[in-house]
Amino acid sequence: MSSYGYQILQTLVTDIEPASNVKAAMNDINAAHRQRVAALERAEAEKLQIVKAAEADAEAKHLAGQGIARQRQAIVNGLRESVNTFQEDVTEVNAREVLNLVLTTQYFDTLNSIGSSSRTNTVFVPHGPGAVSDVAQQIAAGGIMAAATTQTMKRGR
């Protein structure tokens, strides 16, 4: 327009009408971008669910472990009290015999609870004349090993 003596300083464009194939390409680009963002958000949500489920599982296992530890400590305290009470009442019996009696009682209580549970499928329990003494020997061996480990750890410090 300068050849005619006019100079264009500014224009106002009110409507652009690109070709239909250009419009389709632009729409495809925008749709692909939105799909990519949506996929990233879904993946992030799934990752968060997996992480939270794993954390909940770990916490549940930790709490279950604490519960089992407390239960075992209560059993040990109960056994100790039973042995002490029995020895006070019956002085002719030594601690090992009292412990064997308590173990026999617990063994039969365990058999009873296994048999009375409706959820028990199959449980193999050694049962014979020497079963209780075998259990007692295993417990004694475990106690000896625990004491030896404790002593070793104390010396190592």
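None of the figures in this text is laboratory data; all of them are computed from the coordinates on show. Remember, it's a predicted structure, so these values are computed and weren't measured experimentally. Virtual Cβ from ideal backbone geometry, glycine too; neighbours counted across all protein chains shown.
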The range 19-92: C-alpha gyration tensor shape, a/c 1.5 cut-off, then a/b vs b/c
prolate
With n ≥ 4 as the cut-off for DSSP H runs, can you work out [θ] at 222 nm for the chain, using -39500 (n - 2.57) per run divided by the number of residues, rounded to the nearest 500?
-27500 deg cm²/dmol
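Compute the longest continuous run of the chain that contains no exposed chymotrypsin sites (Phe, Trp or Tyr not before Pro); treat a site as exposed when its DSSP state is not H, G, I, E or B and it has at most 14 other Cβ atoms within 10 Å. If you can, show how the numbers build up before the last one.
Details: sites that count: Y6, F124.
Within the chain, the longest run free of exposed chymotrypsin sites (Phe, Trp or Tyr not before Pro) spans 7-123.
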Go through the range 134-150 residue by residue and turn each phi into a ³J(HN,Hα) via Karplus (6.51, -1.76, 1.60, θ = phi - 60°); whole Hz please, and just put x for glycine and proline.
4, 4, 4, 5, 5, 5, 4, 4, x, x, 5, 5, 5, 5, 5, 5, 4
Most mobile of L79, L40, L12 in a GNM of the chain (Cα contacts under 10 Å)
L12
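For the range 19-92, what is the charge dipole size about the Cα centre, in debye to the nearest 20, if Lys and Arg each add +1 at the Cβ and Asp and Glu each add -1 at the Cβ?
Values: 10 positive and 11 negative charges, 160 e Å.
Approximately 760 debye in magnitude.
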